[in-house]
Amino acid sequence: MSRFRAIWQASLNATKKALTWNVEDFMPPAERLIFNFNSKDELKKWHLYSDSEYGGLSSASLEIKDAGNGLKGVFSGNLSLDMSEDSKWNITRSGFSGMRSKKFDGFIDLDPYDTIAMKIKGDGRCYISTIYTENWVNSPGQMEDNSWQAFVFVPKDNWYIAKIPLARYLPTWRGNIIDSKMEMNPSRILGMSLSVNAGTGHVQGAKSGPGDFRLEIDWIKGLRTDQVYENCL
């Protein structure tokens, strides 16, 4: 009888162990790499834009260069407030450039994450981080993606990990903040961009106005800040 009870107890213990699950096994990783600028193949994922498409004279480039500690992305160029004399466009604002990712193959699901982190080295200017999500709040006749923007400013000439909570991204329409209680759908992200304009001086001490700009980029990630995350440079 005791042998039977021992076998029964062993079977019961094995069943309990099989049914016991650790919540951490079902949690997504603490971070998710979105872009990594350590290869020239990364350039294929982005395209550049500037006011030059509308008769402006600003310029931009995106290169992968050896920064002394490995390959990094370099987004640089010149912001100009001038317009081409033969421009057929009548734009009210010039002096802007940006790099926008091509649309993902499907969607990026960042619903488990609450923060966008990017390892960057700035030039004293304030940059704009934009997230594009599937159009799920506009009218059916409005085909543009929803865009959400937040300012990014880091100390000049030093590598820094900037962390921007998704809650800080505000809904925008063609660069203007929408006064609406919209909520981002982080599970349907189509792409991202980084941009700069001559008038972006909303952060105290940030450089603004026309002239050269340069932003070095190592990587962009999604973070879950309820996990320990080391800022290891």
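The values are calculated or read from the model by the stated rules, or taken from the named source; none is laboratory data. Just so we're clear, the structure is a prediction, and the values are computed from it rather than from any experiment. Cβ sites come from the backbone with ideal geometry, for glycine too, and all protein chains shown count toward neighbours. Side chains are part of the model used for accessible areas, which takes the heavy atoms of the whole protein and leaves out ligands, DNA and RNA. Shrake-Rupley method; radii C 1.70, N 1.55, O 1.52, S 1.80 Å.
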Inset, instruction - At 0.36 nm per residue, minus the direct Cα-Cα distance, what do ASN36 and GLU53 gain on full extension? Give it in nm, one decimal, please. - result: 3.3 nm
Legend entry - Low-density loop cleavage sites - trypsin sites (Lys or Arg not before Pro) in the stretch 38-109, where at most 10 other Cβ are within 10 Å (DSSP): LYS88
Inset, instruction - Give, in nm to one decimal, the length gained when the segment between ASP86 and LYS102 is fully stretched (0.36 nm per residue of separation minus the Cα-Cα distance). - result: 2.7 nm
Legend entry - Accessible surface, 1.4 Å probe, highest first, among residues LEU62, LEU215: LEU62, LEU215
Inset, instruction - Could I have the simple spin-label model distance between ASP66 and SER187, label points 7 Å from Cα toward Cβ, reported in nm to one decimal? - result: 4.6 nm
Legend entry - Unsatisfied cross-links (Cα-Cα over 32 Å) in the set LYS40/LYS181; LYS44/LYS181; LYS45/LYS163; LYS40/LYS156; LYS44/LYS156: LYS40/LYS181; LYS44/LYS181
